[in-house]
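> Following this message is one structure expressed as structure tokens.
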Amino acid sequence: MSLAYETIATLRRRILSKEIHPRDILKDLFTQIDAREKTLHAYTYLNRESALADAEKADLSLPLGGIPIALKDNLNALGDPCTCASKILEGYKAPYDATAVSLLRQAGSILLGRTNMDEFAMGSSTENSALGLTRNPWDSTRIPGGSSGGSAAAVAGRIALAALGSDTGGSIRQPAALCGCVGLKPTYGRISRYGLVAFASSLDQIGPLTRTVEDSALLLSVLAGHDPRDNTTDLRPPEKFLTQKNGSVQGLRVGLPKEYFLPGMDSETESAIRSAADWFKKNGATLVDVSLPHTPTAIAVYYILATAEASANLARFDGVRYGRRATDARDVLDLYHRTRSEGFGAEVKRRIILGTFVLSQGYADAYYRQAQKVRALLRQDFEKAFTQCDLLLTPTSPEPAFPLGERTQDPLKMYLADVFTISTNLAGNGAISLPCGFTKSNLPIGLQLIGPRFGEETILRAAHAFEQAHEFFQRLPPS
Amino acid sequence: MSTPAKWEAVIGLEVHVQLLTQTKMFCGCTNHYGDAPTSHVCPVCLGLPGSLPVPNEEAIRLTLLTGLMLGCTLAPVARFDRKNYFYPDMPKNYQISQYDDPLCAGGQVPLDPFLFPKEIQDTAEAKAGRAIRLTRIHLEEDVAKSFHFEDRSGIDFNRAGTPLMEIVSEADLRTPGEAFSFLGSLRQVLLAGHVSHADMEKGQMRCDVNVSVRPISQKEFGTKVELKNLNSTSGVRRALTYEIARQIAACEKGEAIAHETRRWDDEAGATFTMRTKEKAHDYRYFPDPDLLPVRTDQGLLEAARARLPELPTVLQARLIQAFGVTAYQASVLGADRVLCAYFEKAAAQAKSKATVANWILNDFLSTQPDPATTPILPEFFGELADLVADGTINSAQAKKVFAELMANPASPREIVKRLGLAQISDASALGAYCDEAIAANPRSVEDYRAGKTNAINALKGFVMKKSQGKANPLQVDEILKAKLSA
């Protein structure tokens, strides 16, 4: 079997036993990429030569020694492009490594390439990329989800073993769910954001997309920890996750938030989630009905706060110092106007304008400050719920992957794709999405497990137990 | 120059101060000027995508120290905010500053009467002893520096992201002289705390001025005008003098004052419209999500308190009290901590401490010494003053000793010996000189006895000449008087 189909954990064992060499993994991945990338378009850039060179000199004794990993195109890796799938960063080469990238390098991994995304991580379908569409490996007429759609499609399509993504409102978990892989959004502050091009600084978090929960834990163990370059990282000492895997959920209190089970939701999704809940119950967990009463406000709060932060974060793209610069500008103001008009796509402009508006004098109290207050209430919802349970179990996405083009003209409908994931970003909690079933038309369905803040160990143990008791993660998309 | 009695000016200052830190405000780049353009930069201070700020604790400590020195209320929790506007010298197109929760609020700057312009130090305005209230002190990052050439502009990013402290006064100031003293008095405090070199001419302290005029009995403020491009304290004073006169003249003609920013042109000696403020800028401040709130009560405040220096006002009071110096001398000494330390050492053991102050501040200072490196030990001045006080030498001799001290530094006692200057205080020796003077100047003796008491000076002069200036003049005076009235 092609090594492209293996998990990181397995490949590491085989590397250590000298059965295979990292160059064999790359060879198989490149064969697979040559066959599938044309359809999927998961990558914006591939490091073929440098990956092969790195494979020859990789320190195989390191935790990720010789393991190729793909990066979402908003993570700085020295010397590589970092386009954020935007025309405005055309030709830009990262002059430094993100902390997460440098940790991957230090752990011996090989940078394979850069994955497609919605421009500046703004979107839920990867259709907002200025560098072309990415297709869902399970059905190439459908979206892979977003914004880390390239990362999810690459992992699910077996053209990457694992990829890093970023999650601001569901951008790791929703594409993981729609592509049938494992996506972890760690607790805010768990992984350094230094070198991740910011969309909404108080919500952004880097995380892994992998085939299995074990691989997710492996990557988290490498990436987690305080970074003196990121003031918002947590100070707790480094941890190794999922070192014990007894596969038991005995005694676990699993909360089912009633706001996440709505009348009229996709019936196949609902029944898959209910079956997952039943499995937990059958295996010794207790199901608890809980409420997160402020859930209905989450999307509104999110689109105020995220856009407000984005309006400032994206102000630096002005054509003065780097990236695209409009030609023939009359003066500085004209340079700003032209560069930004030409460089940003419609959704990015929409959000910059919205964010500028909600911070404007006369409106900031009604929008920005009010949203901050409601965010505090949402956070309290979670704190309260976690006094009654150890984990929350919900759908990741209200429905499976939808057809390409279906929602590009309807931003509000597109925003609803993140209805079950956004609250965790606002509250700062960690959450995972893993496959829990397939629709009749063979589209993956994702299960979301949300933990208390810094409760990744609990999340990973429960997710691992569920995963190993089912065959969903082993299913392959049609080739 | 002076404000016509009907009108008064209302002035508020915003002072930006560059802090003496090793590194920039939010990254580890060197905080230093004058090096090759854009040589102290990194992804953070260049605002590259993905970079994040981390606050410089020393800059926070220096700001808290300034707050302590100026009697501010210090925030237990302070926050950084983003101030949004586009400008090429600002890499992120937002400036990290503080808005709702600055590090320091309130406080005041006492105006030092001797830091008013020289020619008005004797006026009631200078002697009023006012203290100017502060609104707040906050910390922010500086922007880069633009250079404009014939066909293009360039930006030097070395200054981008360096720590900048902003001190905002209440609209308490009423005259250009007060503004002048405010800046000088504030500078003394900043120097005392080693917060900044605070030299306006080097851009280490920069000042924007808000000024309006109103009829003297009116409570409401007039329309305020902001003045920019003020590069020295005297420039601030001149600009204000001009602008106040301009506004009063306009008001007297019944013209409305435009709410605008005006640029001071030092050469023209006038202010000119820069931009009108009809479209007030909306900076869309919001808390910077990249930075945690700053807890000052977790060690920062304590560290700042440990560095609290003796404040200028306290130091001046002590100098007056302990050394008997004048208020003016106390102000001069207070303004130069190295000189002050030198003086204190000089005066420590001296019998006449005030005389030591005179020697140091008049004679010694006029030679433009560097008190830190001079070979003239401070103790020498104490000794010199003592030699006069105990009658070993007279003041004319002391001048000679001082000159020799400057030329060939040595202990004044040595010099007195070396030059053979010791004063003659022996009564019989002096008596002999006096007898000789009386015998040789019968005319003067006659005049004196006839009531022209000034005539005694000729006799004294004779004695001094005969004794080669060594006679103790006070004793000579006594002896002559006794002999003449006998």
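The values are calculated or read from the model by the stated rules, or taken from the named source; none is laboratory data. All of these numbers come straight from a predicted model, not from anything done at the bench. Backbone-built Cβ (ideal geometry, glycine too); neighbour counts: all protein chains shown.
> Please work out which one of (1) surrounded by 21 or more Cβ atoms within 10 Å (Cβ to Cβ); (2) away from chain B (no Cβ under 14 Å); (3) closer than 22 Å to A:GLU119 by Cβ is the condition A:GLY323 fails and give its number.
It is condition (2) that A:GLY323 fails.
> Among the residues of region B:449-465, write down those that are over 49 Å from the mean Cα position of the chain (by Cα) and at negative phi.
B:ARG449, B:ALA450, B:LYS452
> For region A:18-25, does any single residue satisfy the condition of being surrounded by fewer than 23 Cβ atoms within 10 Å (Cβ to Cβ) and touching a residue at least 40 places away in the same chain (Cβ under 8 Å)?
So far as region A:18-25 goes, yes, one or more of its residues are surrounded by fewer than 23 Cβ atoms within 10 Å (Cβ to Cβ) and touching a residue at least 40 places away in the same chain (Cβ under 8 Å).
> While we're on this one: Filter region A:395-409 for residues that are buried (at least 24 other Cβ atoms within 10 Å of the Cβ) and in a strand (DSSP E or B) and give the result.
Correct list: A:PRO395 only.
> For the subset of region B:108-139 comprising residues that are part of a strand (DSSP E or B) and farther than 30 Å from B:CYS27 by Cα, which member is nearest to the other protein chains (Cβ to nearest Cβ)?
B:ARG133
> Also: B:HIS259 passes all but one of (1) surrounded by 14 or more Cβ atoms within 10 Å (Cβ to Cβ); (2) touching a helix residue (DSSP H, G or I) at 6+ places or on another chain (Cβ under 9 Å); (3) of a type outside the set (Val, Ile, Thr); which number fails?
For B:HIS259, the exception is condition (2).
> Next question, about the same structure. So, B:ALA354, is that one of a type in the set (A, V, I, L, M, F, W, C), assigned by TED's automatic domain parsing to the domain that holds B:GLN329 and either outside any helix (DSSP H, G or I) or in contact with a His (Cβ under 8 Å, 6 or more places away or on another chain) (or both) or not?
On the way: of a type in the set (A, V, I, L, M, F, W, C): yes; assigned by TED's automatic domain parsing to the domain that holds B:GLN329: yes; either outside any helix (DSSP H, G or I) or in contact with a His (Cβ under 8 Å, 6 or more places away or on another chain) (or both): no.
No: the conditions fail for B:ALA354.
> From the residues in region B:91-107 that are more than 9 Å from every other protein chain (Cβ to nearest Cβ) and in a loop (DSSP other than H, G, I, E, B), which one is surrounded by the most Cβ atoms within 10 Å (Cβ to Cβ)?
So the residue we want is B:LEU103.
> Of the residues in region B:51-84, how many are in a loop (DSSP other than H, G, I, E, B), more than 9 Å from chain A (Cβ to nearest Cβ) and not charged (D, E, K, R)?
Number satisfying all stated conditions: 7.
> Next question. Among the residues in region B:434-453, are any under 20 Å from B:SER395 (Cβ atoms), of a type in the set (Val, Ile, Thr), touching a helix residue (DSSP H, G or I) at 6+ places or on another chain (Cβ under 7 Å) and surrounded by 15 or more Cβ atoms within 10 Å (Cβ to Cβ)?
Looking through region B:434-453, none of the residues is under 20 Å from B:SER395 (Cβ atoms), of a type in the set (Val, Ile, Thr), touching a helix residue (DSSP H, G or I) at 6+ places or on another chain (Cβ under 7 Å) and surrounded by 15 or more Cβ atoms within 10 Å (Cβ to Cβ).
> Report whether or not B:ALA437 is under 27 Å from B:GLY461 (Cβ atoms) and within 33 Å of the chain's Cα centre (by Cα).
When the stated conditions are applied, B:ALA437 does not pass them.
> Also, quick follow-up: Looking at region B:376-383, can you tell me whether even one residue there is within 14 Å of chain A (Cβ to nearest Cβ), out of contact with any helix residue (DSSP H, G or I) (no Cβ under 6 Å at 6 or more places or on another chain), modelled with pLDDT under 95 and part of a loop (DSSP other than H, G, I, E, B)?
No, region B:376-383 contains no residue that is within 14 Å of chain A (Cβ to nearest Cβ), out of contact with any helix residue (DSSP H, G or I) (no Cβ under 6 Å at 6 or more places or on another chain), modelled with pLDDT under 95 and part of a loop (DSSP other than H, G, I, E, B).
> Failed condition for B:ILE479, given (1) modelled with pLDDT under 90; (2) part of a helix (DSSP H, G or I), with all others met?
Result: B:ILE479 passes all but (1).
> Here's something else I'd like to know. Is at least one residue of region B:32-44 more than 8 Å from chain A (Cβ to nearest Cβ), surrounded by fewer than 23 Cβ atoms within 10 Å (Cβ to Cβ) and in a helix (DSSP H, G or I)?
no
> Test of understanding: among A:ALA427, A:ALA465, which residue is over 25 Å from A:GLY123 (Cβ atoms) and at pLDDT 95 or above? First the steps, then the outcome.
On the way: A:ALA427 fails: over 25 Å from A:GLY123 (Cβ atoms).
Checking each option against the conditions leaves just A:ALA465.
> Another question about this same structure. Which members of region A:281-338 meet the condition of being under 27 Å from the mean Cα position of the chain (by Cα) and of a type in the set (Ser, Thr, Tyr)?
Hits for region A:281-338 are A:SER291, A:THR295, A:THR297, A:TYR302, A:TYR303, A:THR307, A:SER311, A:TYR322.
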